[in-house]
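Enquirer: Handing you this structure, nothing more for now.
The values are calculated or read from the model by the stated rules, or taken from the named source; none is laboratory data. These numbers come from a predicted model, not from an experiment. Note: ideal-geometry Cβ built from the backbone for every residue, glycine included; neighbour counts use all protein chains shown.
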Amino acid sequence: MGSRLRRRSAVGLLLLTGVIWSTGGFMIKLIPWPPLVIAGLRSGIAALVIYLYNRPQKLPVGKYTLGGAVAYAVMVIFFVLANKLTTAGNTILIQYTAPVYVALFGYSFLGEKVGLIDWITILIILTGLLLFFLDELSGTNLWGNIAALISGFGFAGLILFLRKQKQGRPIDSVLMGNLLTFLLCTPVIFQDVTFEADVWLKIIFLGIIQLGLAYIIFTIAIKHVTALDAVIYPVIEPICNPIFAYAILGETLELFAYIGGLMVLTGVIGRGVLQIKKP
């Protein structure tokens, strides 16, 4: 009973993580800086937040910790590049193919089996995302689509490496990943940076809340769920993002977006209900 209760609490934390992550999209639109500058500063602030929470005596050098850190940096940097080189719809749809990679490699890497319900859920979610971003999809911008694909690989790799550390400290990978991202972006980090207070408040929010707090919650939750759970439940992020954009920026959604969003939520909630009913 205790393990089931912990798992349910972890699923709640994953859903909360997805909501917090979703604030990044509209907030980034409000910051008039180059993407890599935003990515570097955001990760630098997040690294400080996670360090203050984590307070490691020394930075670990285990292969899974380092693997998670590299995967995190790849995910963040290539996601930013993809947003620069292709449409937001292409970027999010291609990145969120990550559950497929987690399902394919989860058993060999973690020993976690994937069932028929899991594959059906993945299909429903991907179809829903396709409909949700239908108006934004483009068949051009090859390099941007490749960057989004690499970001998806990074996201899947991060999940697998963090889950591999379920008995250890997965937060260390996120700390190192943010430090690595900050260092890689350092050469461009002070280009075109302005010093308006409202812009810096947005960057601070992204670093402290959207990355720092979200990944603290995420690494707590991932110890009590499977890797596939950890990548499926936060998939509400791209659905919540336009809701915030509508409320704050006045952006509107088309009919297919509503249908797609409903499909994604149905897939996530349906899988959760079926798992709760398991003995």
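Enquirer: Pairs, please: C-beta under 7 Å, at least 6 apart or cross-chain, first residue closer than 15 Å to L134 by Cβ and in the stretch 79-92, second of a type in the set (D, E, K, R)?
Expert: From residues that are closer than 15 Å to L134 by Cβ, the pairs are T87/E136; A88/E136; G89/E136.
Enquirer: Here's something else I'd like to know. Does any residue in the stretch 226-247 that is farther than 25 Å from K164 by Cβ come within less than 7 Å, Cβ to Cβ, of a residue that is hydroxyl-bearing (S, T, Y) six or more places away or on a different chain, and which pairs are these?
Expert: Every condition considered, the pairs that remain are P238/Y96; C240/S22; N241/S22; F244/S22; F244/T23; Y246/T252.
Enquirer: V188 versus (1) in contact with a helix residue (DSSP H, G or I) (Cβ under 6 Å, 6 or more places away or on another chain); (2) more than 18 Å from I28 (Cβ to Cβ); (3) surrounded by fewer than 21 Cβ atoms within 10 Å (Cβ to Cβ): which is the lone unmet condition?
Expert: Exception for V188: condition (2).
Enquirer: Working carefully through the options D198, D135, find the one that is in contact (Cβ under 8 Å) with a residue 60 or more places away in the chain and of a type in the set (D, E).
Expert: Matching residue, one of D198, D135: D135.
Enquirer: Just name the residue that is nearest to the chain's Cα centre (by Cα) out of those in the stretch 146-185 that are more than 20 Å from I28 (Cβ to Cβ) and of a type in the set (S, T, N, Q).
Expert: Of everything passing the filter in the stretch 146-185, S173 is nearest to the chain's Cα centre (by Cα).
Enquirer: Across the stretch 62-73, what is the number of residues that are under 13 Å from S151 (Cα atoms) and surrounded by fewer than 22 Cβ atoms within 10 Å (Cβ to Cβ)?
Expert: Residues meeting the conditions: 1.
Enquirer: Here are S108, S138: which of them is surrounded by fewer than 21 Cβ atoms within 10 Å (Cβ to Cβ), among the hydroxyl-bearing types (S, T, Y) and assigned to a helix (DSSP H, G or I)?
Expert: None of the other options fit; the residue is S108.
Enquirer: Moving to a separate point now. Give me the pairs, please: first residue somewhere in the stretch 10-28 and among the aromatic types (F, W, Y), second residue anywhere and part of a helix (DSSP H, G or I), beta-carbon distance under 6 Å, and either six or more positions apart or on two chains.
Expert: W21/A214; W21/E237; F26/F244; F26/A245; F26/I248; F26/L249
Enquirer: Any idea which residue in the stretch 105-140 is modelled with the lowest pLDDT, counting only those that are within 19 Å of the chain's Cα centre (by Cα) and more than 18 Å from I269 (Cα to Cα)?
Expert: F133
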